[in-house]
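Here the structure comes first, spelled out in structure tokens, and everything after it is commentary.
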């Protein structure tokens, strides 16, 4: 189950990264470093996934997985801020989704010690939240 969730999570980041970077016309050093930082932190998710895979879906293993996921969400926010500064694009629903993601990832850690099943449902809810593309993507035809 955790492998599927990790795959979906990385896939969602990949698709949303495409939407985010799509409007960038000129790259800056800040954007390169923010992007590189995001990609590095995202590369830690397989570590958490492997830990859960080897040790089972225990509260501690799930917490370690979440410790890998929360920084990804935070680094996404940093990348989005840098992109917004470069493009002046309004990603209307994105800041709310970004904040909810970080709060849920951090909030699920204590929840996992009470109910691993509830923690997994909460993680799935974050994934579903990000499956919905930004409003500007839905309104603008792609070429």
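The values are calculated or read from the model by the stated rules, or taken from the named source; none is laboratory data. None of these values were measured; they are calculated from a predicted model. No Cβ is skipped: glycine too gets one built from the backbone with ideal geometry, and neighbour counts run over all protein chains shown.
Does residue 129 satisfy the condition of being at pLDDT 90 or above and surrounded by 15 or more Cβ atoms within 10 Å (Cβ to Cβ)? Quick ask: steps written out before the conclusion?
On the way: at pLDDT 90 or above: no; surrounded by 15 or more Cβ atoms within 10 Å (Cβ to Cβ): yes.
No: the conditions fail for residue 129.
What number of residues within region 38-59 satisfy the criterion of being closer than 24 Å to residue 133 by Cβ and surrounded by 15 or more Cβ atoms within 10 Å (Cβ to Cβ)?
The qualifying residues number 4.
Of the conditions (1) modelled with pLDDT of 90 or more; (2) within 25 Å of residue 109 (Cβ to Cβ); (3) part of a helix (DSSP H, G or I), residue 32 fails just one. Which one is it?
(2)
Test residue 83 against the stated conditions and say whether it is within 12 Å of the chain's Cα centre (by Cα), at pLDDT below 95 and assigned to a helix (DSSP H, G or I).
For residue 83, the condition - within 12 Å of the chain's Cα centre (by Cα), at pLDDT below 95 and assigned to a helix (DSSP H, G or I) - is not met.
For every residue, the table says whether it meets (1) at pLDDT 95 or above; (2) within 23 Å of residue 95 (Cα to Cα).
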| residue | (1), (2) |
| --- | --- |
| 3 | no, no |
| 15 | no, yes |
| 27 | no, yes |
| 40 | yes, yes |
| 52 | no, no |
| 61 | no, no |
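Every residue in region 53-67 that is within 15 Å of residue 119 (Cα to Cα) and outside any loop (DSSP other than H, G, I, E, B), please.
From region 53-67, those within 15 Å of residue 119 (Cα to Cα) are 56-67; that's our starting set.
Residues satisfying the conditions are 59, 60, 61, 62, 63, 64, 65, 66, 67.
Is at least one residue of region 81-90 under 21 Å from residue 127 (Cα atoms) and in contact with a helix residue (DSSP H, G or I) (Cβ under 7 Å, 6 or more places away or on another chain)?
No, the conditions are met nowhere in region 81-90.
Any residue in region 78-100 that is over 19 Å from residue 24 (Cα atoms) sitting within a Cβ distance under 6 Å of a residue that is surrounded by 14 or more Cβ atoms within 10 Å (Cβ to Cβ) and modelled with pLDDT of 80 or more? List the pairs, counting only those 6 or more apart or interchain.
97/129; 98/77
Does residue 50 satisfy the criteria of being part of a helix (DSSP H, G or I) and touching a residue at least 24 places away in the same chain (Cβ under 8 Å)?
Taking the combined requirement at face value, the residue does not satisfy it.
Would you mind stating whether residue 71 is part of a helix (DSSP H, G or I), touching a helix residue (DSSP H, G or I) at 6+ places or on another chain (Cβ under 7 Å), surrounded by fewer than 20 Cβ atoms within 10 Å (Cβ to Cβ) and on the phi < 0 side of the Ramachandran plot? If you could, list the steps in order and put the result at the bottom.
Working: part of a helix (DSSP H, G or I): yes; touching a helix residue (DSSP H, G or I) at 6+ places or on another chain (Cβ under 7 Å): yes; surrounded by fewer than 20 Cβ atoms within 10 Å (Cβ to Cβ): yes; on the phi < 0 side of the Ramachandran plot: yes.
Answer is yes for this residue.
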